[in-house]
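The values are calculated or read from the model by the stated rules, or taken from the named source; none is laboratory data. Since the model is a prediction, treat every value here as computed from it, not as a measurement. Note: ideal-geometry Cβ built from the backbone for every residue, glycine included; neighbour counts use all protein chains shown. Side chains are part of the model used for accessible areas, which takes the heavy atoms of the whole protein and leaves out ligands, DNA and RNA. Shrake-Rupley method; radii C 1.70, N 1.55, O 1.52, S 1.80 Å.
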Amino acid sequence: MKRIIALVMVVSVFLFVGLQAASAAGVDVGIVLPTKDEPRWLQDRARFESVIEETPYSVEVLFSQGSSAAEKTNVETLIAKGAKVIIICAHDAAAAGIAVESAKAEGIAVISYDRLITGTDAVDYYVTFDSVAVGEAMGQYLVDNAAGKGNPLYLYAGALTDNNAFLFFQGAWNILQPKIADGTFVIKNSVQADNLKDIKDLTRDQLATIIGEVTTDWDMNVAKSKAEAHLTARTAADKGKCYILAPNDGTARSIADVFAADTDVTEYFVTGQDAEKASVQYIIDGKQSMTVFKDTRILATDAMNMAIEIIEGKTPETDAFYNNTMIEVPSKQSPVIIVTKDNVKEVLIDSGYYEAGEFTGI
Ligand code: BGC
């Protein structure tokens, strides 16, 4: 009998210690971001961290390092730690669907962050910038800086696995297509875009055909070697003053460097987005023409507030719906700001987003 009592005591102590450990390691809100290797997502983590300091809830941020398998493991880790809400920015929009279905099966709410997870009904909310507006701002910038006819246009896109790449390209095409049709621009590096140049409203499959051809995979090295190959394949007559649709800041910098190094390129206009520090310096130095500033302070705050509302049993406010090919996902959408040399100080320094000391020549 004594033995049984002793055993029960030992087991209870184990159980108690075990439960304590589980609750100490538990998280209320789990955040999964695509990679640490791009400044954009480190910015988001930093913004999340400052929001987290203010909340009484426990939060854990994990990175998937560009791997769908790691992304799935991250979601499983957060499920095991008892997360009530998972905020996830998918590495691969379709593959992440499977990961979040297991969260949904456990009754965990899923917020798609910045990139929409597609092909599943396991997404409860989407917190995003207006990504079509991002592409439109890029297209408009190029149009506003072009005069006359026959201006050489080089198109680049994001990764096919990222739903945003479609929205950005669609937005840019909305503005550029009429100006390609009227001869203002001539596409120099995409057979597929040229084949579709008379169609304003491209289907998803048509967009995928173009993006597949001019994708950078969101990778600076891919962007660099594609731009090099494109310029090598072209003669001086296809260069001169060039207009370049680059999908984000990292790829913009590497494409800009390639164009700057070509002696047949006399001037170039190149777009970007994210207001990464290195690109802000490029803009100050006149090496990148513009960026689309997406204030990650707003996005991280919106996502955390949404998570807290869900934990507290409230219904978060939304202002848009995004179709993820399976359902219409209730979404909260934030506006974007165009930044050029003219307003870089006002938008990024005076607003406290960055400090003047982080740049030279501002
Ligand atoms: C984001 C961009 C980012 C890109 C590459 C997109 O989904 O919206 O801000 O530059 O991914 O990481």
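Report, please, the projected area of the range 43-158 averaged over directions, based on the convex hull of its C-alpha atoms, in nm². Could you put the intermediate results ahead of the total?
Working: hull surface 38.3 nm².
Result: a mean projected hull area of 9.6 nm².
Using 7 Å Cα-to-Cβ label points, what is the GLU358/ASP144 separation (nm, one decimal)?
Taking the simple label geometry, GLU358 and ASP144 are separated by 2.4 nm.
Rounded to the nearest 500, what is the 222 nm mean residue ellipticity of the chain from helices alone, with -39500 (n - 2.57) per DSSP H run of 4+ residues and division by all residues? The partial results should precede the final answer.
Details: 12 runs with 164 residues, N = 362.
For the chain, the value works out to -14500 deg cm²/dmol.
Place the peptides 53-59, 107-113 in order of packing, highest mean first, counting for every residue the other Cβ atoms within 10 Å and averaging per peptide. Write out the running numbers ahead of the final one.
Numbers: 53-59: 12.7, 107-113: 22.9.
In decreasing order of mean packing, 53-59, 107-113 become 107-113, 53-59.
Explain nothing, just compute: Karplus ³J(HN,Hα) = 6.51 cos²θ - 1.76 cosθ + 1.60, θ = phi - 60°, for every residue of the range 156-168 in order, whole Hz, x for Gly and Pro.
9, 9, x, 7, 4, 7, 10, 4, 4, 4, 5, 5, 5
Given springs between every Cα pair under 10 Å in a Gaussian network model of the chain, which of ALA133, ALA229, ALA83 has the largest fluctuation?
Of ALA133, ALA229, ALA83, the Gaussian network model singles out ALA229 as fluctuating most.
Among LYS36/LYS179; LYS104/LYS314; LYS36/LYS104; LYS72/LYS345; LYS277/LYS332; LYS239/LYS294, which pairs are too far apart, with a Cα-Cα distance over 29 Å?
Working: LYS36/LYS179 38 Å; LYS104/LYS314 18 Å; LYS36/LYS104 26 Å; LYS72/LYS345 40 Å; LYS277/LYS332 26 Å; LYS239/LYS294 31 Å.
In this structure, LYS36/LYS179; LYS72/LYS345; LYS239/LYS294 lie more than 29 Å apart at Cα.
To the nearest 0.05, how large is the calculated FRET efficiency for GLU309 and SER67 if R₀ is 51 Å and r is the Cβ-Cβ distance? Walk me through the numbers on the way to the answer.
Values: r = 31 Å, r/R0 = 0.61.
That pair, GLU309 with SER67, gives E of 0.95.
Suppose we look only past 17 Å in the calculated P(r) of the range 91-209. What percent of the Cα-Cα pairs does that tail hold? Write down the numbers at each step before the final one.
Details: 4215 of 7021 pairs.
Cα-Cα pairs in the range 91-209 separated by more than 17 Å: 60 percent.
On average over all directions, what projected area in square nanometres does the chain have, based on the convex hull of its Cα atoms?
That works out to 21.2 nm².
Run the paramagnetic zone check for THR263: 7 angstrom along Cα to Cβ, then residues of the range 211-237 with backbone nitrogen under 18 Å.
Within reach of a label on THR263, which here means backbone N under 18 Å from a point 7 Å along Cα→Cβ, the range 211-237 contributes 231-237.
Using θ = phi - 60° and the Karplus curve 6.51 cos²θ - 1.76 cosθ + 1.60, what whole-Hz ³J(HN,Hα) does each residue of the range 176-182 get, with Gly and Pro shown as x?
Calculated HN-Hα couplings, in order: 6, 4, x, 7, 7, 4, 8 Hz.
Output the Kirkwood hydrodynamic radius of the range 191-234, Cα pairs only, in Å rounded to one decimal. Before the final figure, lay out each step's value.
Details: mean 1/r = 0.0867 Å⁻¹.
It works out to 11.5 Å.
Can you tell me the order of 342-348, 147-153 when each peptide is scored by its average per-residue count of other Cβ atoms within 10 angstrom, highest first? Each step should come with its number before you reach the end.
Numbers: 342-348: 17.1, 147-153: 15.0.
In descending order of packing, they fall as 342-348, 147-153.
Return the carbon/sulfur percentage of the accessible area of the range 228-284, one whole number, probe 1.4 Å, all protein chains in place.
Taking all protein chains in place, the range 228-284 shows 52 percent carbon and sulfur surface.
Using a 7 Å offset from Cα along Cα-Cβ at ASP238, what residues in the range 138-180 end up with backbone N under 15 Å from the label point?
Residues 151-156 qualify, since their backbone N sits under 15 Å from the label point.
Taking the chain as the reference, fit the longest principal axis to its C-alpha atoms, fit the long axis of helix 204-214 to the helix C-alpha atoms, and give the angle between the two in degrees, 0 to 90, nearest 10.
Once rounded, the angle reads 70 degrees.
What FRET efficiency would be calculated for the residue pair SER102, GLN206, taking the C-beta separation as r and a Förster radius of 41 Å, to the nearest 0.05?
Working: r = 34 Å, r/R0 = 0.82.
Efficiency at R0 = 41 Å is approximately 0.75.
To test your reading of the geometry: what angle, between 0 and 90 degrees and rounded to tens, separates the Cα axis of helix 95-105 from the longest principal axis of the chain?
The angle comes out near 30 degrees.
Nearest 10 degrees is fine. How inclined is helix 2-25 to the longest principal axis of the chain, computing both from alpha carbons?
On a 0 to 90 degree scale, this one is about 20.
Report the extension gain between LYS36 and ALA229 in nm, rounded to one decimal, defined as 0.36 nm multiplied by the number of residues separating them, less their alpha carbon distance. Mind dumping the intermediate values first?
Values: separation 193, 0.36 × 193 = 69.48 nm, distance 2.84 nm.
Length difference between fully extended and current span is 66.6 nm.
Suppose R0 equals 45 Å; then what is the FRET efficiency for MET326 and ASP285 from their Cβ-Cβ distance, rounded to the nearest 0.05?
Details: r = 45 Å, r/R0 = 1.00.
About 0.50, to the nearest 0.05.
How large are Rg and Dmax for the range 228-362 when only the alpha carbon atoms are used, in Å?
My reading of the Cα-based Rg and Dmax gives 19.3, 63 Å.
How big is the shadow of the Cα convex hull of the range 217-267, averaged over all directions, in nm²? Can you show the working numbers first?
Numbers: hull surface 12.6 nm².
That works out to 3.1 nm².
Given contacts defined as C-alpha pairs under 8 Å and at least six residues apart, what's the relative contact order of the chain, whole-number percent?
Working: 693 pairs, mean separation 57.8, N = 362.
The normalised contact order for the chain reaches 16 percent.
Out of residues 5 or more away from THR120 or on other chains, whose amide H comes under 5 Å of its own, with H placed 1.01 Å from N in the peptide plane?
Hits under the 5 Å cutoff: MET326, ILE327.
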